[in-house]
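Below you'll find the structure, written out as structure tokens, and then a few comments.
The values are calculated or read from the model by the stated rules, or taken from the named source; none is laboratory data. Everything quoted here is computed from the prediction, not taken from an experiment. Ideal geometry is used to build each Cβ from the backbone, glycine not excepted, and the neighbour counts take in all protein chains shown.
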């Protein structure tokens, strides 16, 4: 039996792939570009993630790359290609997404909303396929306090950025598709995915590394620049190691009993929250800066602050977040591990390439 998968070369998809390879005879990877180059990217990602030789062998034997573009209604495929892909298809894993928090609405919508609709059309042609959709815990939007429930509707307060809104709209499409078509769908909502491995220079990057690189300073000054950040000193975020997230998703997919016409939603989150201050300390360890929380954005920001507010506009609202996520479904499935170690500053620093370390950067604890 076969499955179809988007985003297999991405930060999460490349971690999901090993488990899926062991569960299915064929994994058809839908990715834009020459198939041989897609296979090479997959191989390099698996090697960088230190996958054992038997996983590399499975990938060589069971992965079939298909040149497909989720931004096109027909994915750029011929009717014959679609028939071949959907014949005997038992599942679709849709992992591809535009994840930039600074993206303009049109770009986020094209990939995350229209792209999801196009993959759902492919799934429609495979009547037995279960649709697995990778969303985000941040569809909770501007709900900054309290407990976010897995079955909660779209937030009345709106969203922090176009990325969140586009992922919420994509979820609505999945719900509507399952209901109207009488099909089975599963939505996974991971929190911020992280890793303590830098990975390949040109390979998939974890979101925290992307944030750090977008912040990169280039002025080369040795003194630490004070940056005032609007936020709450006790703000926190949920970060989960990407390997653990992939493990939870594949385990829940095998356990989920989803009736036709229904969509099951799972939060994929860590039992421990991480303070927003830890994220700022990561930047302080990489760049010659020092952060200070303030209640509101300064009326007259310094030139450096003005630049940071622009570069970090998609990230700054989370400095006010103190919410938590309902994890009862993970617990009820017997998959919770309360003894998991918290994600620490050292863990996040280990995920940064050595070349990103600024020799003049402030290290927490140093004067």
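Taking residue 311, is it without any contact (Cβ under 8 Å) to a residue 24 or more places away in the chain and either assigned by TED's automatic domain parsing to the domain that holds residue 184 or farther than 29 Å from residue 93 by Cβ (or both)?
No; evaluated as a whole, the condition is false for this residue.
I'm checking my understanding of the structure. Among residues of the stretch 254-278 that are under 30 Å from residue 129 (Cβ atoms) and out of contact with any strand residue (DSSP E or B) (no Cβ under 6 Å at 6 or more places or on another chain), which one is surrounded by the most Cβ atoms within 10 Å (Cβ to Cβ)?
262
Give the residues of the stretch 239-290 that are part of a helix (DSSP H, G or I) and under 30 Å from residue 305 (Cα atoms), sorted by residue number.
276, 277, 278, 279, 280, 281, 282, 283, 284, 285, 286
Just the residues that are modelled with pLDDT of 95 or more and more than 15 Å from the chain's Cα centre (by Cα), please, taken from the stretch 89-105.
Of everything in the stretch 89-105, those that are modelled with pLDDT of 95 or more and more than 15 Å from the chain's Cα centre (by Cα) turn out to be 89, 90, 91, 92.
Return yes or no: is residue 248 in the same structural domain as residue 185 (by TED's automatic domain parsing), closer than 30 Å to residue 3 by Cα and in contact with a helix residue (DSSP H, G or I) (Cβ under 7 Å, 6 or more places away or on another chain)?
The answer is yes for residue 248.
Scanning the stretch 145-154 for residues that are out of contact with any helix residue (DSSP H, G or I) (no Cβ under 6 Å at 6 or more places or on another chain) and without any contact (Cβ under 8 Å) to a residue 40 or more places away in the chain, which turns out surrounded by the most Cβ atoms within 10 Å (Cβ to Cβ)?
152
Per-residue answers, yes or no, for (1) at pLDDT below 85; (2) surrounded by fewer than 20 Cβ atoms within 10 Å (Cβ to Cβ); (3) out of contact with any strand residue (DSSP E or B) (no Cβ under 8 Å at 6 or more places or on another chain):
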residue	(1), (2), (3)
168	no, no, yes
171	no, no, no
174	no, no, no
183	no, no, no
187	no, no, no
191	no, no, no
194	no, no, no
204	yes, no, yes
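Conditions (1) out of contact with any helix residue (DSSP H, G or I) (no Cβ under 9 Å at 6 or more places or on another chain); (2) in a strand (DSSP E or B); (3) within 25 Å of residue 275 (Cα to Cα), marked per residue:
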position	(1), (2), (3)
90	yes, yes, no
96	no, no, no
103	no, no, yes
106	no, no, no
118	yes, no, no
131	no, yes, no
143	yes, no, yes
163	no, no, yes
167	no, no, yes
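Quick one: residue 317 ticks every box in (1) outside the structural domain of residue 182 (by TED's automatic domain parsing); (2) at pLDDT 95 or above; (3) assigned to a loop (DSSP other than H, G, I, E, B) bar one, so which box is it?
All conditions are met except number (3).
Output the residues belonging to the stretch 272-292 that are in contact (Cβ under 8 Å) with a residue 60 or more places away in the chain and touching a helix residue (DSSP H, G or I) at 6+ places or on another chain (Cβ under 9 Å).
274, 278, 279, 281, 282, 283, 285, 286, 287, 289, 290, 291 - these are the residues of the stretch 272-292 that are in contact (Cβ under 8 Å) with a residue 60 or more places away in the chain and touching a helix residue (DSSP H, G or I) at 6+ places or on another chain (Cβ under 9 Å).
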